[in-house]
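Step one of this worksheet: look at the structure below.
The values are calculated or read from the model by the stated rules, or taken from the named source; none is laboratory data. This one's a predicted model, so the numbers in the text were calculated from it and none came from an experiment. No Cβ is skipped: glycine too gets one built from the backbone with ideal geometry, and neighbour counts run over all protein chains shown. Just the protein is used for accessible areas: all its heavy atoms, side chains included, with ligands, DNA and RNA removed. Shrake-Rupley method; radii C 1.70, N 1.55, O 1.52, S 1.80 Å.
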There are 2 protein chains.
Amino acid sequence: MANWIWYPGDFEIYHGMRQNFDREERGFFWPAYWHIADCRHHVVFHGKFTPEKETVFRVTAKGEGHVLLKSKAEAPEGFPADQVFYQEKKYRIGEWISCPAKEVRIDVVLGNRTGLPCIYVEGETVFSGKEWTVSDFVQPAVPAGLNGMYENREQDPQEFDYTCEICRPAAEEKINGGILYDFGRELTADTLLHINGAIRPQTVTLCYGESRAEALDTEWCYLKQVLKIPGEEEAEGLKYLTDSPFGRWEDGRCYHTKLRAFRYLFLTAEYGTLEGEASCLITPEALYKYVDFGKRSDFSCSDELVNRIWKVADTTFRLSSGIFFLDGVKRDRWIWSGDAYQSYFINQYLFFDKDICKRTILALRGNDPVTGHINTIVDYSLYWIISLENYYKMSGDLEFIRMIYPKMESLMRYCMEQTDEQGFIYGREGDWIYIDWAEMDKEGTLCAEQMLLAKSYESMAAVRGLLGLDREEFVQKKEQLLCHIRRFFWDEEKGAFIDSYRSGRRNVTRHANIFAVLFGFADVLETRSILEHVLLNEAVPAITTPYFKFYELEVLAGLERFDVVMAAMKSYWGGMLLQGASTFWEEYIPGQPEEEQYGMYGDKFGKSLCHAWGASPIYLLGRYCMGVTSSAVAYETFSVKPRLELFDRFSCYFPVGRGTVWMDWKDGVLDVYTDKEGGVLSAGGRDYALIPGEHVLVNRG
Amino acid sequence: MANWIWYPGDFEIYHGMRQNFDREERGFFWPAYWHIADCRHHVVFHGKFTPEKETVFRVTAKGEGHVLLKSKAEAPEGFPADQVFYQEKKYRIGEWISCPAKEVRIDVVLGNRTGLPCIYVEGETVFSGKEWTVSDFVQPAVPAGLNGMYENREQDPQEFDYTCEICRPAAEEKINGGILYDFGRELTADTLLHINGAIRPQTVTLCYGESRAEALDTEWCYLKQVLKIPGEEEAEGLKYLTDSPFGRWEDGRCYHTKLRAFRYLFLTAEYGTLEGEASCLITPEALYKYVDFGKRSDFSCSDELVNRIWKVADTTFRLSSGIFFLDGVKRDRWIWSGDAYQSYFINQYLFFDKDICKRTILALRGNDPVTGHINTIVDYSLYWIISLENYYKMSGDLEFIRMIYPKMESLMRYCMEQTDEQGFIYGREGDWIYIDWAEMDKEGTLCAEQMLLAKSYESMAAVRGLLGLDREEFVQKKEQLLCHIRRFFWDEEKGAFIDSYRSGRRNVTRHANIFAVLFGFADVLETRSILEHVLLNEAVPAITTPYFKFYELEVLAGLERFDVVMAAMKSYWGGMLLQGASTFWEEYIPGQPEEEQYGMYGDKFGKSLCHAWGASPIYLLGRYCMGVTSSAVAYETFSVKPRLELFDRFSCYFPVGRGTVWMDWKDGVLDVYTDKEGGVLSAGGRDYALIPGEHVLVNRG
């Protein structure tokens, strides 16, 4: 089986640029405001074969170039017999090439100015796959990149293969001189606009909404397109003539827009002198485009609110996960490292898809040399480093770790260049010290940032250990840094880590303290103090984003404060449901007036209503409430420790690596079943070995 | 007047990639085999204006993005009144934007994955030009790039604006079952193939030739295309459906190929069962595409052979000069630094076009950081460095020198990293030590390479001096290197510089010795010795490329050995004319059998018959025989010193910066006239100040 191959990482970088250029707002594009890496446009692929008999092969390519076949030849007279000579001949791309039964080397030289240079070589013996190497005329050749999605000649790796589904509106309503279509749920879809009537409008206006209010606000809706309708006589050529980043006429009767995120579509039409009901002669369809990640987990329990939270989180997360883990689907549609970092965890309890992790990691990182922080944010560079250790723990995929490691080290060293005499990382001009949308004392170096740096050193040491490299430098770096963090940021009186020390304000927010516990840096006494003085202290300002709620609740769950976790989940995520959310939002401020609830960044509809970081209940339920965790690399051993006291009954299953664990709890009996070796169940105060294919039943202790 | 603007250097880098991907051979492409830089695809342009009254502007762009208008606003309450605040609003590209009468800053954020991001801003007060800056999200903003070619909104800087001319065949001949068309001279042209008859062929085969022999050799001709002819019914859509890098159907009756270099075109047609004369129903036209550099010089004299050499050199050089100085027009169509270096000199005596120099310099150099030598050739990196000093001397264009200087220094330092304890530059793996197509002892470090290195240090010192930077490092580097060159490479016994010293063979070729004199490194005694023992010594292998003939004859002309120069010019270039050349060749080996004369690189028609480096007689005639030289920067002062003894009569004119100098020599009287200040004529043993508008007449002394 042949694969399309490319320069490793470039498929992801190419699609990453497309993705990061794809934010749309009120008729214009908004390419991300940081450096977006570009794929190489000029490469040469190398294959090496020794067919046992004469054979043929054919190269298909995206780009222009040629095939150079070098077959081993006798040394000419006068040269030592053991000196290697090759006979060379150039061939066209696309032609069947005869290959002799001897050692041959194949070079495919390829340029593709406008896209991703990639090839597909087919033949019985000679075909493209992971044994091929590729070079970019700068670095020595490296193993070619490929993935399991592109195994057919007819495919084009420059286009991502989405699963597509035509969706028709679930409801329509005549209102405000137009028709409001409700597709029943949020979609990421192209719009197909069919002009049916003999009477053709002059213009059609499409106003989209994640909420009903947004679609009906023709002035302030975030996504809007005004379409001039061509005359009846227009034909085929229209398809090419009208091709724009916003869409194109498939023919004179069907306009096909670019992909947008929406649930509601409000259509109005202008007919010139004609007026009235004519707009119903236009019918919209949504061409829903998604990646079918399959169903690897489910959860339902005796608490209907929790069930709804699970379902809405599932919808939110699936919409936000495509080629890459995105922040949100209407906005920004960008790949953000901090957002992605949380998605890696949620993914582990929902799809367990390794490929989207790898794609996101590669797209985020771009190319060496490092020219700035990922997304310009110092914390986001650090999350990226940490994410590699996490990815390995989840997947056991050492091949990927080996391939990416040089970029891990170069980014780590880039970060280390901006540390002060205490070893604290600081922001340079143009760097963004983010952490969270929260008021924090950011004068001088920030404690939360140092926690991430210490965790990065730990991840570097761990990954270097995996690769057989010396760990010492980073082990020491981490220890030293933690020592300085304690000395400079721990406030004995407040019993907490302060934001920063330069200003002398000794301000306490939750963030650094959450990290201290989350990463295991706080000892038992510090942890107890943080719980009391910060986490359960209402005087410390509450977290307002689902983003940091994730870490806060994870820490509380880790400390077994499920009372707080479940109450928070139900009030916070449940609160959004009460406000009509059918996907979880970027931000939720309980008690905010309804007319303000869709606004953010000074924009009436600026808030993303489908934001990946809103889906953390999946992780909290799977990882903590149901207690499913890997206790070795890639679930070689795993433990299952459901908190039976939280629910009267539940029924769920979760991935444990390639296997699954099923749990049913009802009428005081827990039934656990798995198809995977290595599991241990903890329930009712006891441990049970899980044997694949055998049910373990535990009665209420 | 508004200009299209882009990231400085990126216009040239973008077109450079197109150019270096454009080599075609027997139905496939051959992208250059070295790293080709790519333009940035994601930039933000910055403008700053303070209109006196409210005004409007509009942004046109290649790429997707938006316009951010920031107008200065009052400081909100509670902020110091002198703190600067801006009110921000985003607009679409393409819409007229109202701009208030106050200080505004305009950002145009732009992404263009597939091409060159560039903008054109039009308005009475607000428009794009050289005051704009641009940033790439990595480096601080720099002044925007622009040139005089793109001043209209309707233009697209992604397409180079050639002058076009339809050419019809000068002659046709029925032969070998097809028709051979002779366009009378070599062209760089698209082919338009018109299908006229009611009887349509199934396929048409186009075989091109720089020579008649090549076009008629349907198996081995370098450029060939087999075209399937669509049925009668095909219409408009064909244009888009058949668009390929090789050409497309304009409609069902006209196929439009890509640009190719040819003089002859041999057409055959397949009609299935029909046979015979039908092929005459297809008529070809050539859409000649060129840059009209205008006529800045001319030369004719009493020697008809020299006149023909001038004319053919002129044709050769004009064909090879387009967006960039190319090596040759059929092959390679690549931008080579060593070839371009010679073109800069020829240009100075033919077009005097500064823009093509700048374009070529920028495209060759690409981006920082340096990842390898220009064209992989160490000598070609050094020529690039030297060329900047030359460009300044010719143009006085300090603005360009200032803009390019960081890339000059980084390339110089890259070269300095590969010098040994003697300071000699050596080749690393993947580096090509070229110098010339000649047998040379390349064991260890090569003398000719060190001569170029010394000249590079001299150029660095000169350019740093211009920019007010310290010169000392490079002055010393040069002196030290010259001292070591003498110690290690000068052979007292042979009275010449040897190729290299490691092998002990102490081999002498012309190259290093030519450089020693050319760059003024050899003292009077050394020069005399080199002349005797190398240049006039037939035992030292002759130069076989016009490339090094350039330097050899320049040195001999500088030593006033015009007897040798004129004899060589007439025999070598005259020899090509005798072989039927209508443009000058890449290589000419007198006495080579006719059937082999078009071959090179083991390819029967591999030789380029129109190669820029063949045009050096223009330079030799203008610079040395007519003695027109700048004696200060950019011809602020210049001297004219015609060698009257070489011709019975001549009539010529040459550029002297923005001005021109005319000379007529006949019947023993020299008449010199110029429109430019600063000239001094040396003739008949005397100097004469040239006064603009006044003729100076000198009688034979």
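Numbers at a glance
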item: Where N is the number of residues in segment B:552-701, Cα Rg divided by 2.2 N^0.38 Å; result: 1.25
item: FRET efficiency for A:Tyr86 and B:Asp648, using Cβ-Cβ distance with R0 set to 51 Å, rounded to 0.05; result: 0.30
item: Surrounding net charge for A:Asp332, when Lys and Arg each add one and Asp and Glu each subtract one, Cβ distance under 10 Å; result: -1
item: Rg(Cα) / (2.2 N^0.38 Å) computed for segment A:144-204, rounded to two decimals; result: 1.77
item: At 1.306 mPa s and 10 °C, Stokes diffusion of segment A:63-170 via Kirkwood alpha-carbon radius, µm² per second; result: 94 µm²/s
item: Surface/4 of the Cα convex hull for segment A:417-574, nm²; result: 10.5 nm²
item: Calculated over chain A: convex hull of Cα atoms, volume per residue (Å³); result: 198 Å³
item: Relative contact order (percent, whole number), chain A, Cα cutoff 8 Å, 6+ residue spacing; result: 11 percent
item: Extension reserve of the B:Met1-B:Arg506 stretch, reckoned as 0.36 nm per residue once the Cα distance is removed; result: 175.6 nm
item: Pairs beyond 21 Å (Cα-Cα), from A:Lys311/A:Lys570; B:Lys228/B:Lys258; A:Lys70/B:Lys607; A:Lys72/B:Lys607; A:Lys289/A:Lys393; B:Lys330/B:Lys455; result: A:Lys70/B:Lys607; A:Lys72/B:Lys607; A:Lys289/A:Lys393; B:Lys330/B:Lys455
item: Percent of beta bridges antiparallel (DSSP, chain A, rounded to nearest 5); result: 95 percent
item: Mean separation of Cα contacts under 8 Å, 6 or more apart, over the residue count of segment B:638-701: relative contact order %; result: 29 percent
item: Sum of side-chain charges, B:Phe352 neighbourhood, beta-carbon under 9 Å (Lys, Arg +1; Asp, Glu -1); result: +2
item: Sites A:Ser300 and A:Asp667, calculated FRET efficiency, Cβ-Cβ separation with R0 22 Å, nearest 0.05; result: 0.90
item: Portion, in percent, of the accessible area of chain A that falls on carbon or sulfur, probe 1.4 Å; result: 48 percent
item: Stokes-Einstein diffusion coefficient of segment A:169-311, Kirkwood radius over Cα pairs, 4 °C, 1.567 mPa s, in µm²/s; result: 78 µm²/s
item: Values of log10 I(q)/I(0), in the order q = 0.19 Å⁻¹, for segment A:189-262 under a Debye, Cα-only, solvent-free model; result: -0.80
item: Distance (nanometres) between label positions extended 7 Å along Cα→Cβ at B:Thr660 and A:Gln202; result: 5.7 nm
item: Rounded to 5, the percent of DSSP beta bridges in segment A:548-694 classed as antiparallel; result: 90 percent
item: Accessible area that becomes buried as A packs against B, both chains, 1.4 Å probe, Å², nearest 100; result: 3400 Å²
item: nm² value of the averaged projected area, convex hull over the Cα atoms of segment A:368-481; result: 7.4 nm²
item: Net charge of Cβ neighbours under 14 Å - reference A:Leu192; Lys, Arg +1; Asp, Glu -1; result: +2
item: Rg over Rh [alpha-carbon atoms, Kirkwood Rh] for segment B:488-634; result: 1.01
item: Cα centroid separation, segment B:524-583 to segment A:370-401 (Å); result: 63 Å
item: All Cα pairs of segment B:474-523, percent lying beyond 12 Å; result: 65 percent
item: B:Lys258 versus A:Glu560: modelled label distance in nm, points set 7 Å from Cα along the beta carbon direction; result: 7.1 nm
item: Cα gyration tensor of the protein assembly as shown - equivalent ellipsoid semi-axes, whole Å, descending; result: 64, 38, 34
item: Segment B:286-379: trypsin sites (Lys or Arg not before Pro) in DSSP loop, at most 14 other beta carbons within 10 Å; result: B:Lys295
item: Cβ neighbours within 10 Å from other chains - mean over A:130-141; result: 2
item: Segment A:472-555: radius of gyration over Cα atoms, expressed as a fraction of 2.2 N^0.38 Å; result: 1.10
item: Solvent exposure of chain B as accessible area per residue, Å², 1.4 Å probe; result: 40 Å²
item: Shape parameters for segment A:1-68, alpha-carbon atoms, Rg then Dmax in Å; result: 18.1, 62
item: Separation in nanometres of the label points that stand 7 Å from Cα toward Cβ, at A:Arg428 and A:Lys174; result: 6.4 nm
item: Alpha carbon convex hull of segment A:579-664, projected area averaged over orientations, nm²; result: 8.0 nm²
item: Cα centroid of segment A:287-344 to Cα centroid of segment A:595-669, whole Å; result: 11 Å
